[in-house]
Amino acid sequence: MKDLKTACRLALVQCAPVMFDKKKGTDKVVGLIAEAAREKAELIVFPELVIPGYPYGMCFGFKPGCRDENGRRDWKLYYDNSILVPGEETARIAEAAAAARAYVSIGVSERDAVTATLYNTNLVFGPDGALLTVHRKLKPT
């Protein structure tokens, strides 16, 4: 059996997302990981869908039997700003986790590269930057 530490320095990040902008959202997350690292955090936990933001209350123009053009544009923006795993954004977060030498748990909207399905995904990176786990939850949106 593996010996576990009796204590862990934890950073629980409560931050507003940069809505529907995966580049700026990733920039913000990387900066917050560095800030938590300066405080010697060993585990850094971000909220659900911090990249690209949680579309709470948005119906994307959908009513039973139809979707309007404005809703289609909003959906496309959300879809385009959902991230690929692995991808550019996960590479940047992995680098930040490795630089911080900390575990990082982060919620993102993931776009499957093959099926184009969107998932509400939790990613966990190790202190060496390795992507340790990908937990997907299908979103009704």
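Does Glu95 fit the bill of being open to solvent by 40 Å² or more (accessible area, probe 1.4 Å) and among the charged types (D, E, K, R)?
The answer is yes for Glu95.
Please go through the range 41-98 and pick out each residue that is part of a helix (DSSP H, G or I), over 20 Å from Lys22 (Cβ atoms) and at pLDDT 95 or above.
Residues of the range 41-98 part of a helix (DSSP H, G or I): 69-80, 88-98.
Of the ones still in play, those that are also over 20 Å from Lys22 (Cβ atoms) are 69-71, 98.
Of everything in the range 41-98, just one residue is part of a helix (DSSP H, G or I), over 20 Å from Lys22 (Cβ atoms) and at pLDDT 95 or above, namely Ala98.
Output the number of residues of the range 74-92 satisfying the condition of being open to solvent by less than 40 Å² (accessible area, probe 1.4 Å), within 18 Å of Ala34 (Cα to Cα) and aliphatic (A, V, I, L, M).
Start the filter on the range 74-92 by keeping residues that are open to solvent by less than 40 Å² (accessible area, probe 1.4 Å), which leaves 78, 81-83, 85, 87, 89-90.
Then drop every residue that is not within 18 Å of Ala34 (Cα to Cα), which leaves 89-90.
Still in the running and aliphatic (A, V, I, L, M): none.
Counting residues in the range 74-92 that are open to solvent by less than 40 Å² (accessible area, probe 1.4 Å), within 18 Å of Ala34 (Cα to Cα) and aliphatic (A, V, I, L, M) gives 0.
With the structure loaded, tell me whether Leu132 is open to solvent by 60 Å² or more (accessible area, probe 1.4 Å), assigned to a strand (DSSP E or B) and either under 17 Å from Lys28 (Cβ atoms) or modelled with pLDDT of 95 or more (or both) or whether it fails that test.
Values: open to solvent by 60 Å² or more (accessible area, probe 1.4 Å): yes; assigned to a strand (DSSP E or B): yes; either under 17 Å from Lys28 (Cβ atoms) or modelled with pLDDT of 95 or more (or both): yes.
Judged against the criteria, Leu132 is a match.
Return the residue satisfying two criteria in turn: it lies in the range 98-125 and is farther than 15 Å from Ala37 by Cβ and surrounded by fewer than 16 Cβ atoms within 10 Å (Cβ to Cβ), and of such residues it is nearest to the chain's Cα centre (by Cα).
Asp112
The values are calculated or read from the model by the stated rules, or taken from the named source; none is laboratory data. Predicted model, so just to flag it, every value in this text is computed and none were measured. Cβ atoms come from the backbone with ideal geometry, glycine included; neighbour counts cover every protein chain shown. Remember, those area values only see protein heavy atoms, side chains included, never the ligands or the DNA or RNA. Shrake-Rupley method; radii C 1.70, N 1.55, O 1.52, S 1.80 Å.
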